[in-house]
1. What are the pairs, 6+ residues apart or on separate chains, where a residue within segment 113-129 that is more than 10 Å from ligand 1 (Cβ to nearest atom) has its Cβ under 8 Å from a residue that is in a loop (DSSP other than H, G, I, E, B) and among the β-branched types (V, I, T)?
2. Applying the selection to segment 243-280, what residues are assigned to a loop (DSSP other than H, G, I, E, B), within 17 Å of A76 (Cβ to Cβ) and open to solvent by less than 80 Å² (accessible area, probe 1.4 Å)?
3. For the condition in contact with a Phe, Trp or Tyr (Cβ under 9 Å, 6 or more places away or on another chain) and exposed (fewer than 14 other Cβ atoms within 10 Å of the Cβ), what is the one hit in I240, I230?
4. I'm trying to understand the selection: among the residues of segment 130-167, which are within 14 Å of ligand 1 (Cβ to nearest atom) and among the small types (G, A, S)?
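The values are calculated or read from the model by the stated rules, or taken from the named source; none is laboratory data. Every value quoted in this text rests on a predicted model; they were computed, and no experiment measured them. Every residue, glycine among them, receives a Cβ derived from its backbone with ideal geometry; neighbour counts consider all protein chains shown. Surface areas here come from the heavy atoms of the whole protein model, side chains and all, with no ligands, DNA or RNA. Shrake-Rupley method; radii C 1.70, N 1.55, O 1.52, S 1.80 Å.
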Amino acid sequence: MCYVNDFCSYFAKRSPTKFVQIVHPLSTIFVLAGIVYFFSVQMFFIAPKVYKGMGYMLYWILAIFITHNILGNWLACYRTSSSVESLPKEAQVPVPEEEHLWRFCDTCKKLMPPRSWHCGLCKCCILRRDHHCIFTSTCIGHNNQRYFLWFLFHLSFALVVSLVTFCIYLNRTHCNTLLYPEMYSHFLLYFICDAQPDKSKESLFETVAYLLIFLAGLMPGFMLAYQIQILCLNATYNQIYELVYDLGFLRNCKVIMGQRGLWTFISPLLKSPLPHDGTKWEMKKESN
Ligand SMILES: [Zn+2]
Ligand SMILES: [Zn+2]
């Protein structure tokens, strides 16, 4: 489970069905509301004051590209199942010579392929299970890790671009001070001392928008750092230091992202078939 789910794991384990019924819709609303908020503030309030003419048009093209990737990868991640049941029936049982590599799932009462783990929230075994993500309402595994990684990448990229644009905006409107320290004092005065500083409405809007961009960037940023490490090592979130499947960066990229490797950052619509169905895993020593 990811760090957010670690925090929630006690509740998830006590009542998985209720947890899913409550947390998944709330997380979906949280993600969508966040995207709408940041897009609106950036594109309709900040960007017009920073970029003009062709620059503003290029910024719109960049914003559409990033938003397409955030929403598309988020949706594709949710819609692409990595469960063992997503395999054809004949692939759900091992061939005799590989039976010793498969492990028994005590919950499903059947054998599961190597690197698969049971998920108590999805109530099934997941191929090369990474973790259960509450923000995509699904397990991240063999078939959808590509979408999850690019969802995090484009989300983090969007927040960095937003932060840079916001700093340029503040720099132009507030005496060439890049980080505009006054905003923090205004923020504290407004909320703690209940005082009304000068230009309070504008300052408060700027302060809240700036802090939200900064704080919102931390969560996908941390998770992306984990996912990059996972990509580099062909590991999983729960076994991040497991190096036996590390086939080298380029081959790891193809194993996780499919034939087109890192080019899949262009769009979730880009077809990139995975090299296998998630039941047979080449190990490092076998490749040497
Ligand atoms: Zn299972
Ligand atoms: Zn799950």
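1. Going by the 8 Å Cβ cut-off, the qualifying pairs are P113/T279; P114/T279; L127/T279.
2. At the first step, the residues of segment 243-280 found to be assigned to a loop (DSSP other than H, G, I, E, B) are 243-248, 258-260, 266-280.
Then keep just the ones that are within 17 Å of A76 (Cβ to Cβ); that gives 258-260, 266-274, 278.
Hits for segment 243-280 are G258, I266, S267, P268, L270, S272, P273, L274, G278.
3. After ruling out the rest, the residue left standing is I240.
4. First, the residues of segment 130-167 that are within 14 Å of ligand 1 (Cβ to nearest atom): 132, 139, 141.
G141, the sole residue that qualifies.
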